[in-house]
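> Starting off with a structure, shown below.
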Amino acid sequence: MKVLFIGSNRIGDAVLSTGLVDYLGRNNPSARITIVCGPDAVNIFEAAPQVERIIPMAKLRWSAHWLGLWIETVGHFWDLVVDLRASALGWCVPTRARRIMSVSAEPVHRLVSLAKVLQLDQPLPPCVWTTTRHHEVANNLIAEGGPVLAIGPTANWVGKQWRPERFAELIGQLTSPKGILPAARVAVFGAADERKFSAITIDSIPASRRIDLVGRVDLLTAASCIERCSLYIGNDSGLMHLAAATGTPTLGLFGPSRECHYAPWGEKTAFVRTALRYEELVDVPGYDHRRQETLMDSLTVESVEEAAIALWRRIEL
C-alpha cells in the first residue's frame, strides 16, 4: 500500500499529525508512506516505521514548490493520498482514495480536526519515534541524579514568547528550597538561532545545575532528553507539543494563540494563558504579528507558578 501524506510546514502541526501516520502504519502493515513536510519538520518523521521517503517542501516564489512536488509524485500511483494542506496537489496525483482536510473555524482541538480526515470518532494522540542513538545521547546529556526542570523559552514568533526574565524568575521560584523541584537541574531547549533570546534565561541558572541544550541537539534527541525530565514548561510551540507527546508533564503558556486549537494534549498536560484574551491581543487595528514585540506581558510569574504547582500536584496524586 503506497501512501502519500502531505503534511505541515510547522513543527507543532507536524508533531500533532504523527498520530495519523502511526494509525496508517499500524492498520496497514504493508504500507509504504511518503511524507511531504516543511524542512524544519523532517526530523520528526525520520525514525517512523514504514516511512520510506520524506520530501522536504521548501517554499519558493510564486508557489513553485507545488509544481516541483507534483513532478516528483505524479509518476506514482498511490493507494491513498492524505492531504492536511487541502492543496491542489492532493487532487492532482493518481490515487485510489483521497482524504483531504477541510478548513474549519470550529473551536475544537487540532487533533479533533485531524481525526476527521480519516473519518475517525476519537482524536489520535501524537507519538514520538526515537532510536537507540537518540537515547544514548540523551543519557549522556541528562544523567541520573535528581529531578530536572525542562524549559522552552522560545516560539516561532516573538509575540508568543514570554519574556526571558520571567522564565528566569520562575525557575528560581520552582527550584528554591520551598519550590516543587528544590535544587533541581534545569535543561533549556531551543534552536541555534534562538540562543540570543534564550541567553538571559540560561545565564540565570547556576552553572552546577544548568543543562544548556539550545542549538545543540536535534528534535528527536531533544524529545529523548525531555522524556528524562520531571516537568516541562514552555511557550506554545512545536517543542511544547513534542514534550507532551513524550508523556512528560507539560505546561503550555498561551497568549496570542488559541488554546482551544493548540493546548498540549494528554493526561499530564495543562495550559495557562494571559489575562488578556486572544481577541484582545490580535483583533486590534494595525496589528502585524511579524513586527510585534511579545504579547505575553499580562501573564504573570505568579500565575504560571500556580499552574505549574497545580499540574505537579495533580500528577503526584
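> Quick one: HIS261 ticks every box in (1) touching a Phe, Trp or Tyr at 6+ places or on another chain (Cβ under 6 Å); (2) over 19 Å from VAL214 (Cβ atoms) except a single one, so which number is it?
(1)
> Something else now. What number of residues within segment 282-316 are touching a helix residue (DSSP H, G or I) at 6+ places or on another chain (Cβ under 9 Å) and of a type in the set (Gly, Ala, Ser)?
2
> Hey, any hits in segment 14-29 for a residue that's more than 24 Å from ALA244 (Cα to Cα), in contact with a strand residue (DSSP E or B) (Cβ under 7 Å, 6 or more places away or on another chain), among the aliphatic types (A, V, I, L, M) and not assigned by TED's automatic domain parsing to the domain that holds ALA155?
no
> When residues of segment 140-187 are filtered for being buried (at least 19 other Cβ atoms within 10 Å of the Cβ), of a type in the set (Val, Ile, Thr) and in contact (Cβ under 8 Å) with a residue 60 or more places away in the chain, how many remain?
Within segment 140-187, residues that are buried (at least 19 other Cβ atoms within 10 Å of the Cβ), of a type in the set (Val, Ile, Thr) and in contact (Cβ under 8 Å) with a residue 60 or more places away in the chain number 5.
> In segment 94-140, which residue that is within 19 Å of the chain's Cα centre (by Cα) and of a type in the set (Gly, Ala, Ser) is nearest to LEU213 (Cα to Cα)?
For segment 94-140, the residue satisfying everything is ALA138.
> Separate question: Scan segment 79-93 residue by residue and report those that are more than 25 Å from PRO126 (Cα to Cα) and over 27 Å from the mean Cα position of the chain (by Cα).
TRP91, CYS92, VAL93
> Filter segment 220-257 down to the residues that are surrounded by 24 or more Cβ atoms within 10 Å (Cβ to Cβ), hydrophobic (A, V, I, L, M, F, W, C) and within 12 Å of the chain's Cα centre (by Cα) and list them by number.
The answer is ALA222, ALA223, LEU239, MET240, LEU242, ALA243, ALA244, ALA245.
> In addition: Pairs under 8 Å by beta carbon, first residue among the aliphatic types (A, V, I, L, M) in segment 54-73, partner part of a loop (DSSP other than H, G, I, E, B) and modelled with pLDDT of 85 or more, six or more apart or different chains?
As it stands, the answer is ILE54/GLU46; MET57/ASN9; MET57/GLY38; ALA58/GLY38; LEU69/MET57, since those pairs meet every condition given.
> With VAL81, VAL93, VAL137, VAL112 as the choices, which residue is assigned by TED's automatic domain parsing to the domain that holds SER257 and surrounded by 14 or more Cβ atoms within 10 Å (Cβ to Cβ)?
Testing whether each residue is assigned by TED's automatic domain parsing to the domain that holds SER257 and surrounded by 14 or more Cβ atoms within 10 Å (Cβ to Cβ) leaves just VAL137.
> Given the residues GLU302, GLU279, GLU293, which is the only one that is charged (D, E, K, R) and surrounded by 11 or more Cβ atoms within 10 Å (Cβ to Cβ)?
Checking each option against the conditions leaves just GLU302.
> Continuing with this model, one more query. What about GLY68, is it farther than 30 Å from ARG258 by Cα, more than 26 Å from the chain's Cα centre (by Cα), assigned to a loop (DSSP other than H, G, I, E, B) and modelled with pLDDT under 95?
no
> When you look at ILE54, is it under 16 Å from LEU220 (Cα atoms), assigned to a strand (DSSP E or B) and out of contact with any His (no Cβ under 8 Å at 6 or more places or on another chain), yes or no?
Yes.
The rows are residues; the columns are (1) assigned to a helix (DSSP H, G or I); (2) in contact with an Asp or Glu (Cβ under 6 Å, 6 or more places away or on another chain); (3) assigned by TED's automatic domain parsing to the domain that holds PRO206; (4) at pLDDT 95 or above.
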position: SER104; (1), (2), (3), (4): no, no, no, no
position: LEU124; (1), (2), (3), (4): no, no, no, yes
position: GLY145; (1), (2), (3), (4): no, no, yes, no
position: THR154; (1), (2), (3), (4): no, yes, yes, yes
position: GLU165; (1), (2), (3), (4): yes, no, yes, yes
position: GLU169; (1), (2), (3), (4): yes, no, yes, yes
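> Would you please list the contacts, defined by Cβ atoms under 8 Å and residues six or more apart or on different chains, that run from a residue in segment 119-139 that is under 13 Å from THR246 (Cα atoms) to a residue that is charged (D, E, K, R) and surrounded by fewer than 17 Cβ atoms within 10 Å (Cβ to Cβ)?
TRP129/GLU46
> Go through segment 205-256 and report how many residues are out of contact with any strand residue (DSSP E or B) (no Cβ under 9 Å at 6 or more places or on another chain), more than 19 Å from ALA192 (Cα to Cα) and touching a residue at least 12 places away in the same chain (Cβ under 8 Å).
Matching residues across segment 205-256 total 4.
> Kindly evaluate THR201 against the criterion of being closer than 27 Å to ARG110 by Cβ, among the hydroxyl-bearing types (Ser, Thr, Tyr), crowded, with 24+ Cβ neighbours inside 10 Å and not assigned by TED's automatic domain parsing to the domain that holds ALA41.
no
The values are calculated or read from the model by the stated rules, or taken from the named source; none is laboratory data. Predicted, not measured: the structure shown is a model, and the values here were computed from it. Cβ: placed from backbone, ideal geometry, glycine included. Neighbour counts: every protein chain shown.
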